[in-house]
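Data first, discussion second: the structure below is written as structure tokens.
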Amino acid sequence: MFATYLVVTLLTSAVNGLAATANFIGHEYPRSQADKLRVPRSWMRPLGTLLAAGALGLLAGFAVPVLGTLAAAGLVLYFLGALCVHLRVRDYQLVPWAVFFCLPAAALVVNLAHHGSW
């Protein structure tokens, strides 16, 4: 069980950390997504900060388990909000969203299972 917890947590943290970095540096993909979803570009850094906090919180969960659980739950909520934004503009190309959503959802499940909170 620990191996699954370790791999899922590290993968989720890495992917969200890279997404945060893309927001911070103004990479083309998050900018084009913001334009398509009618999200102001001025929100890119605050959204990147939320992603970075989630990524770091997952890693902090190795030392303080409740932080990892809260970070995973926060990322799940973040991506549920993103789903609402996609649906608001009738964007149904949700495969990238689903990947980004499933990672923190899996991290939350393995975090709860690993730390015996079920």
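Structure data summary
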quantity: Some residue of the stretch 26-42 being hydrophobic (A, V, I, L, M, F, W, C), assigned to a helix (DSSP H, G or I) and in contact with a Gly (Cβ under 9 Å, 6 or more places away or on another chain); calculated: no
quantity: Complete set of residues in the stretch 54-63 that are open to solvent by less than 60 Å² (accessible area, probe 1.4 Å) and either under 17 Å from ALA22 (Cβ atoms) or in contact (Cβ under 8 Å) with a residue 24 or more places away in the chain (or both); calculated: GLY54, ALA55, LEU58, GLY61
quantity: Within the stretch 100-118, tally of residues that are touching a helix residue (DSSP H, G or I) at 6+ places or on another chain (Cβ under 8 Å) and part of a helix (DSSP H, G or I); calculated: 13
quantity: Where a residue in the stretch 20-35 is open to solvent by 40 Å² or more (accessible area, probe 1.4 Å) and its partner, wherever it lies, is part of a helix (DSSP H, G or I), with Cβ under 6 Å and at least six apart; calculated: PHE24/GLY48
quantity: Selection status of PRO104, open to solvent by less than 60 Å² (accessible area, probe 1.4 Å) and at pLDDT below 95; calculated: no
quantity: Qualifying positions in the stretch 64-73 - without any contact (Cβ under 8 Å) to a residue 40 or more places away in the chain and crowded, with 18+ Cβ neighbours inside 10 Å; calculated: LEU70, ALA71, ALA73
quantity: Single residue of VAL110, VAL85 found to be open to solvent by 30 Å² or more (accessible area, probe 1.4 Å), in contact (Cβ under 8 Å) with a residue 40 or more places away in the chain and of a type in the set (Val, Ile, Thr); calculated: VAL85
quantity: In the stretch 90-99, residue most open to solvent (accessible area, probe 1.4 Å) [restricted to those that are without any contact (Cβ under 8 Å) to a residue 12 or more places away in the chain and outside any helix (DSSP H, G or I)]; calculated: ARG90
quantity: Qualifying residues in the stretch 63-118 (those that are among the polar types (S, T, N, Q) and more than 14 Å from THR4 (Cβ to Cβ)) - the one farthest from the chain's Cα centre (by Cα); calculated: SER117
quantity: Boolean, ARG45 is open to solvent by 80 Å² or more (accessible area, probe 1.4 Å), farther than 17 Å from ALA106 by Cβ and modelled with pLDDT under 95; calculated: no
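The values are calculated or read from the model by the stated rules, or taken from the named source; none is laboratory data. Please read these numbers as outputs of a predicted model, since none were measured by experiment. We place every Cβ from the backbone using ideal geometry, glycine too, and count neighbours over all the protein chains shown. All accessible areas refer to the heavy atoms of the entire protein, side chains included, with ligands and DNA or RNA removed. Shrake-Rupley method; radii C 1.70, N 1.55, O 1.52, S 1.80 Å.
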